[in-house]
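The values are calculated or read from the model by the stated rules, or taken from the named source; none is laboratory data. Here the structure is a predicted model, which is why all the values come from computation and not from measurement. Note: ideal-geometry Cβ built from the backbone for every residue, glycine included; neighbour counts use all protein chains shown. What goes into the accessible areas is simple: the full protein's heavy atoms, side chains included, and nothing from ligands, DNA or RNA. Shrake-Rupley method; radii C 1.70, N 1.55, O 1.52, S 1.80 Å.
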Amino acid sequence: MLEEYEKKRHFKKTPEPLASNFTKNSDKPIFVVQRHAARNLHYDFRLEVDGVLKSWAVPKEPPKEAGTRRLAVETEDHPLAYADFEGEIPAGEYGAGTVEIWDRGTFKLLKREEREIVVTLEGEKLNGDYVLIRTKYGKGEKGWLLFKKAQ
Ligand code: MN
């Protein structure tokens, strides 16, 4: 699952982590949102599922309140160790730019289907029920919507 992650990166040049050496502090699954000032500023939304971080690139800040829908483009799985990563990816490397942790915490998985994922996030900024819905369904389709559920 992490082949694509490793193929895209030169680990002698980037400070990003390899898959190994990661200790979790929580029994619950973790999530992280990283603000990534790359060529285009975006927010990488990552959920721990099946031992990896399932990942989506969100072009604007994820909504703290219900009522705003964000596009979320599915990207390659990242290793769990990536949840702790902050730093500078050097120019010329994949994703060159600055990565900062914007929010992190744990979550409860409420629903996981091919077209829909629902989680309760327990973070500093993001709290409550969040929905990811696949906008198109088919091979190679990577478009999802991310939004907070109205209570
Ligand atoms: Mn990114």
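Below is a table of values for the structure above.
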| item | result |
| --- | --- |
| Residue that is most open to solvent (accessible area, probe 1.4 Å), among those in the range 125-139 that are farther than 14 Å from Trp56 by Cα and not in a strand (DSSP E or B) | Lys139 |
| Residue in the range 21-31 that is out of contact with any Lys or Arg (no Cβ under 8 Å at 6 or more places or on another chain) and within 16 Å of the ligand (Cβ to nearest atom) present | no |
| Among the candidates Glu74, Glu100, Glu88, Glu61, residue that is under 18 Å from Gly128 (Cβ atoms), out of contact with any helix residue (DSSP H, G or I) (no Cβ under 6 Å at 6 or more places or on another chain), within 16 Å of the ligand (Cβ to nearest atom) and acidic (Asp, Glu) | Glu61 |
| Strands (runs of 3 or more DSSP E) completely within the range 45-124 that count 3 or more residues being open to solvent by 20 Å² or more (accessible area, probe 1.4 Å) | 69-78, 97-112, 116-123 |
